[in-house]
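Report on the structure given below.
The values are calculated or read from the model by the stated rules, or taken from the named source; none is laboratory data. The model shown is predicted, which means the values in this text are computed figures rather than measured ones. Don't worry about glycine lacking a Cβ; one is built from the backbone with ideal geometry, like all the others, and counts go over all protein chains shown. These area figures cover heavy atoms from the full protein model, side chains too; ligands, DNA and RNA do not enter into them. Shrake-Rupley method; radii C 1.70, N 1.55, O 1.52, S 1.80 Å.
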Amino acid sequence: MKKNMMILLAVFSLVTAHAQELEKLWEVSGLEAPESVVFYNGNYLVSNVAGQPAEKNGKGYISLLDENGKILTQKWATGFNAPKGLGIHGTDLYVADIDTVAVVDLDTGKIKKTYHAEGATFLNDVEIAVDGTVYITDTFGGNAIYRIQEQTISLWLKDERLNYPNGLKIKGKEIWVSTWGVVTNPETFETDVPGVLLAVDLSSKTIKTITGPKGNFDGLVLWGDAFLVSDWIAGGLLTIDKNGNIKEIKDLNAGSADINFLKEKGVLLVPQMLDGSLVAYKVK
């Protein structure tokens, strides 16, 4: 009886650990195809594609919002085409923009350096290691991950098994990749077989498939001892545990993009590209 009770308590603890509820805190509209969001010095920075996601039109920009979602400066940083993934290291903001990665001075909002990724066509998510190494996915057409190390950008991995890589998250000795799936309709970005979650060894570059095909995955964040991903086409938020089990925890509009979870604040940020809005949820 005692042994059975211990097993039941263990199961209960596991279930309740993942039974997190999302309570909407605020929503801000008026953004132009917001794709990614980061938190810095008490404010939010949001990338605005502001046009076609692979078009070099000079329309893209980054907005500055306060902690409650109020837009302080609509066009805080400019000079982009279709900026997507954002990542911060020190006082540098890295911005993925089609075939370049711009480095923005967070104190001034000015671009101070630009890296050109040879062969890239759709640079997307940005993930930065503790040592400052930057990884960037090239999603549509590239099937690649680029790396910035020692002030140089290079192709780190190109493999069809990357399955149109989108979101990135470093955990331990691996970089985890949420994939979109092979696009069969270039006008709508739809797929016949949706994307999966992968784990790539940072040393050997060995690719391991964690889940079966499930969604057109975009953002990827750590969620306790699991992961949380957004599904851009279907619009949902899904948890994925280390064994590849998937559970939808919230139904959202299509266009749910590069989510960000601020663990210390217990706040989840969801850019809604098609709605032109950013939504903040309190994780309870």
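Filtered by the rule that a residue be assigned to a loop (DSSP other than H, G, I, E, B), open to solvent by 40 Å² or more (accessible area, probe 1.4 Å) and either of a type in the set (Gly, Ala, Ser) or farther than 14 Å from PHE140 by Cβ (or both), the stretch 152-187 gives GLY172, LYS173.
Of the residues making up the stretch 200-248, those that are open to solvent by 20 Å² or more (accessible area, probe 1.4 Å), within 15 Å of the chain's Cα centre (by Cα) and of a type in the set (A, V, I, L, M) are LEU222, ILE233. Just one of the listed residues (GLY142, GLY119, GLY167) is modelled with pLDDT under 95 and either over 20 Å from PRO34 (Cβ atoms) or of a type outside the set (Phe, Trp, Tyr) (or both), namely GLY142.
So is THR239 touching a helix residue (DSSP H, G or I) at 6+ places or on another chain (Cβ under 8 Å) and either in a loop (DSSP other than H, G, I, E, B) or over 25 Å from VAL49 (Cβ atoms) (or both) or not? Spelling it out, THR239 is indeed touching a helix residue (DSSP H, G or I) at 6+ places or on another chain (Cβ under 8 Å) and either in a loop (DSSP other than H, G, I, E, B) or over 25 Å from VAL49 (Cβ atoms) (or both). Looking at the structure I just gave you, is GLY172 without any contact (Cβ under 8 Å) to a residue 24 or more places away in the chain, out of contact with any Asp or Glu (no Cβ under 9 Å at 6 or more places or on another chain) and of a type in the set (Gly, Ala, Ser)? When the stated conditions are applied, GLY172 passes them. Residue count for the stretch 58-91, restricted to those that are among the small types (Gly, Ala, Ser) and in a strand (DSSP E or B): 5.
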